[in-house]
Amino acid sequence: MRRRDASPAATTRGQRVVGVASTGAEALTRARELAPDVALVDLDLDGENGLDVAGLLADTVPAVILISTHSLEDFQELVADSPARGFLPKSALSARTIQDLLEP
């Protein structure tokens, strides 16, 4: 979960991690507590479906980005039908690629 921050010491390209969760329920609780601007949700959650978690978070977080070690081709239809802003493979995950997905 990330939130924009004006403090340069706490930022990476204007973003900082404000919370981490290891389950869908924890992610929803943390999102309500921390009010992040974006949530990164792994499609490959241990015992949970990342697409379901993204759907739950979409009502609380302004932008949800799905991430995975797999390529987009493996999930393209599912990602397109989800409320997520987009998808990033973990190998391409950076503050810049997140910002690129968030910009109109």
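Throughout, read-outs are computed from the coordinates displayed, never taken from laboratory work. On a predicted model such as this, the values are computed, not experimentally measured, just so you know.
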*Fully extended, how many nm does the chain gain between residue 22 and residue 73 (0.36 nm per residue separation, minus their Cα-Cα distance)?*
15.8 nm
*Express as a percent, rounded to the nearest 5, the fraction of DSSP beta bridges in the chain (both residues included) that run antiparallel.*
45 percent
*asked:* Can you tell me how the chain classifies by the Cα gyration tensor, rounded, prolate or oblate, using a/c under 1.5 as the rounded cut?
replied: oblate
